[in-house]
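Have a look at the structure below before the remarks.
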Amino acid sequence: MKVAVAADHAGYVLKEEIKKYLAERGCEVIDFGTSSAEVKVDYPDWGFKAAEAVATHKAERAVLVCGTGIGMSISANKVHGVRAALCHDHFTAVMSRRHNDANVLVLGARVTGADVARDITAAWLDEPFEGGRHAFRLDKITAYENENSKKPEASSGGGRTVVIDHPLVRHKLGLMRNRNTSSKDFRDLVQEVAGLMVYEVTRHLPLEEIEIETPIEKTNVFTLSGKKLAIVPVLRAGLGMVEGILKLIPNAKVGHIGLYRDPKTLKPVDYYCKLPSDISEREIFVVDPMLATGGSAAAAVSHIMERGGRKVSLVSLIAAPEGIAAFHEAHPNIDIFVAAVDSHLNDHGYIVPGLGDAGDRLFGTK
Ligand code: RB5
């Protein structure tokens, strides 16, 4: 798990302790500072950075430390998508995960000793979110946040992670996640969600004004200004999204890329690539429902760019934070559009909670 840490001068010593503990547990630690207990600094400067790393999926979680924990907690909770919990004991740490799905833990170094802080951190890392009625409550917070605050932009390279969390998308995604949903319904839902995502994915397309006549009089209307588009599904699961997208942009050309993930190495192996001949002139949407390790999607984009692709975006239904981070690392300037960002990858490289293997569910092969 990737964990960001940050502290002000008052939290520095405890932050170093927590870093050691995280490393012992095998976590990858991203330290946003500060780097001294002597030089007095302002906690928001450090807290925002680590909290934003969580909000933009560069890290899955963050641990922040200041004197009381209060300043860091107030700061972190201003960042869109962050649920920061100031915990002084084991019980609140457990409950902050179980009921609040806290993605940031805040500690007060002048309140909590190193041993208790380690215990709090362990409980907070280990405890899963219970979901159910608690998810509905968090949905209310998310809805308020979406109305009232701005999401931080992801990735220093300029590539954004845009989460399309429209209620219709979330509803349909919920149906898709259900293991009892049939292949036929699953296929329909994948197309519907892909179609709904097209609105956001194509939001920037240029328009031009033309004159037409309505039955009443002449008027000016807008029309897409002939932008050439291409959809490139990553075989085989990406195929499930194509029809849904073509319904809205029927003139897009369709390329295909075949990659599979070696079950042992989890690395992508390519076996097929056929793209429109004028690919370098087209805006390209690479589609792959599950952004798990990010390996296949990153390899697909690399192949397209080697063959002349210039402007590429990735469109997935569900992403793991690990996949987003790996993809942005490989292609820092490329936007990712997703309907949901899930918790993590399991040991087999599947997204948790996810929806299983999208290819098997689309084609009924399991
Ligand atoms: C620094 O003296 C202190 O104010 C800060 O670490 C924190 O406790 C603020 O909430």
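Taken together, the values in this text are just the output of simple stated rules run on the coordinates, not laboratory data. It should be emphasised that the depicted structure is a prediction, and the values quoted were computed from it without experimental measurement. FYI the Cβ positions are ideal-geometry reconstructions off the backbone, even for glycines, and counts take in every protein chain you see.
Sort 72, 176 by Cβ crowding within 10 Å, fewest neighbours at the top. All intermediate terms of the calculation are to be shown ahead of the outcome.
Values: 72 34, 176 25.
Ranking 72, 176 by Cβ neighbours within 10 Å, fewest first, gives 176, 72.
What is the P(r) of the stretch 72-118, as percent of Cα-Cα pairs per 10 Å bin from 0?
Whole-percent P(r) values from 0 Å outward: 28, 53, 18, 0.
Beyond 20 Å, what share of the Cα-Cα pairs of the stretch 151-221 is found? Please give it as a whole percent.
On the way: 1406 of 2485 pairs.
Here the long-distance tail beyond 20 Å is 57 percent of all Cα pairs in the stretch 151-221.
Quick one: Karplus J couplings for the stretch 83-89, per residue in order, coefficients 6.51, -1.76, 1.60, θ = phi - 60°, nearest Hz, x for Gly and Pro?
With coefficients 6.51, -1.76 and 1.60, one gets 10, 9, 10, 7, 10, 10, 8 Hz.
Rank 9, 131, 23 by how far each Cα sits towards the positive end of the charge dipole of the stretch 1-149 (+1 on Lys, Arg Cβ; -1 on Asp, Glu Cβ) and give me just the farthest.
My answer, from the dipole projection, is 131.
Here are some pairs, 228/311; 2/58; 19/151; 172/311; which of them have Cα atoms lying more than 18 Å apart in this structure? Mind dumping the intermediate values first?
Numbers: 228/311 11 Å; 2/58 8 Å; 19/151 28 Å; 172/311 29 Å.
Going by Cα-Cα distance, 19/151; 172/311 fall outside the 18 Å limit.
Once the mean 1/r over all distinct Cα pairs of the stretch 72-177 is inverted, what Kirkwood radius in angstroms do you read off?
On the way: mean 1/r = 0.0643 Å⁻¹.
With all distinct Cα pairs of the stretch 72-177 included, I get 15.6 Å.
Which log10 I(q)/I(0) values, to two decimals, does the stretch 163-307 give at q = 0.12, 0.17 Å⁻¹ under the Debye formula with one point per Cα?
For the stretch 163-307 at q = 0.12, 0.17 Å⁻¹, log10 I(q)/I(0) is -0.60, -1.04.
With axes computed from alpha carbons, what is the tilt in degrees of helix 12-24 against the longest principal axis of the chain, rounded to the nearest 10 within 0 to 90?
Relative to the chain, helix 12-24 is tipped by roughly 60 degrees.
Dipole size in debye (nearest 20) for the stretch 114-213 around its Cα centre, Lys and Arg Cβ +1, Asp and Glu Cβ -1?
Details: 14 positive and 18 negative charges, 98 e Å.
Here the size comes out at about 480 debye.
Just need the relative contact order of the stretch 254-313 here, percent rounded to a whole number, with Cα pairs under 8 Å and 6+ apart. Numbers along the way, then the final one.
Numbers: 76 pairs, mean separation 21.1, N = 60.
Relative contact order of the stretch 254-313: 35 percent.
Run down the aspartates and glutamates and flag those whose C-alpha is under 15 Å from the C-alpha of residue 253, throwing out any fewer than 8 positions away in its chain.
Of all the aspartates and glutamates, those that pass the test against residue 253 - Cα under 15 Å, at least 8 places apart if same chain - are 243, 278, 281, 283.
Kirkwood hydrodynamic radius, the stretch 258-347, all distinct C-alpha pairs: what's the number in Å?
On the way: mean 1/r = 0.0748 Å⁻¹.
Hydrodynamic radius (Kirkwood, Cα pairs) of the stretch 258-347 is 13.4 Å.
So which GluC sites (Glu not before Pro) in the stretch 132-218 end up in coil per DSSP with only 15 or fewer other C-beta atoms within 10 Å? Intermediate results must be reported in sequence, preceding the final value.
Details: sites: 145, 147, 153, 192, 200, 208, 209, 211, 213, 217; in loops: 153, 217.
In loop regions of the stretch 132-218 (DSSP not H, G, I, E or B), the sparsely surrounded GluC sites (Glu not before Pro) are 153, 217.
Would you mind calculating the relative contact order of the stretch 1-104 from Cα pairs under 8 angstrom and at least 6 residues apart, reporting the percent as a whole number?
Details: 190 pairs, mean separation 31.0, N = 104.
Over the stretch 1-104, the number comes to 30 percent.
Under the definition of Cα pairs under 8 Å and six or more residues apart, what whole-number percent is the relative contact order of the chain? Walk me through the numbers before you get to the answer.
Numbers: 739 pairs, mean separation 48.7, N = 366.
Over the chain, the number comes to 13 percent.
Assigning unit charges at the beta carbon (Lys, Arg +1; Asp, Glu -1) and nothing else, what dipole magnitude in debye, to the nearest 20, does the stretch 258-316 show about its Cα centre? Don't skip to the end; give the middle numbers.
Details: 8 positive and 7 negative charges, 26 e Å.
The calculated dipole for the stretch 258-316 is roughly 120 debye.
For n ≥ 4 DSSP H runs only, could you compute -39500 (n - 2.57) per run for the chain, divide by its residues and tell me the 222 nm figure to the nearest 500?
Numbers: 12 runs with 137 residues, N = 366.
For the chain, the value works out to -11500 deg cm²/dmol.
Subtract the Cα-Cα distance of residue 360 and residue 139 from 0.36 nm times their separation in residues, and report this length gain in nm to one decimal.
On the way: separation 221, 0.36 × 221 = 79.56 nm, distance 2.99 nm.
Value of the extension gain: 76.6 nm.
Between the stretch 282-340 and the stretch 260-274, what is the C-alpha centre distance in whole Å?
The distance from the Cα centre of the stretch 282-340 to that of the stretch 260-274 comes to 15 Å.
Of 287, 345, 248, whose Cα points farthest to the positive end of the dipole of the stretch 248-366 (charges on the beta-carbon: +1 Lys, Arg; -1 Asp, Glu; origin at the Cα centre)?
248
Take the alpha-carbon centre of the stretch 40-75, take the same for the stretch 109-125, and report the distance between them in whole Å.
For the stretch 40-75 versus the stretch 109-125, the Cα centre distance is 16 Å.
How large is the charge dipole for the chain, taken about the Cα centre, if only the Cβ atoms of Lys, Arg (+1) and Asp, Glu (-1) carry charge, to the nearest 20 debye? Let's see the in-between values first.
Values: 44 positive and 47 negative charges, 120 e Å.
Magnitude of the dipole: close to 580 debye.
For the chain, with equal point scatterers placed on the C-alpha atoms only and solvent neglected, what are the log10 I(q)/I(0) values from the Debye formula at q = 0.14 1/Å, to two decimals?
Values returned for q = 0.14 Å⁻¹ are -1.15.
Taking neighbour Cβ counts within 10 Å as the exposure measure, how do 27, 87, 66, 273 sort from fewest upward?
Details: 27 20, 87 27, 66 32, 273 17.
Least to most surrounded, the residues fall as 273, 27, 87, 66.
In the stretch 1-93, what GluC sites (Glu not before Pro) fall in a loop by DSSP, with at most 13 other Cβ atoms inside 10 Å? The partial results should precede the final answer.
Values: sites: 16, 17, 24, 28, 38, 52, 60; in loops: 38, 60.
For GluC sites (Glu not before Pro) across the stretch 1-93 that sit outside H, G, I, E and B with at most 13 neighbouring Cβ atoms in 10 Å, the list reads 38.
Mind putting together the pair-distance distribution for the stretch 1-50? All Cα pairs, 10 Å bins, whole percent per bin, short to long.
Spelled out bin by bin, the stretch 1-50 gives 30, 52, 17, 0 percent.
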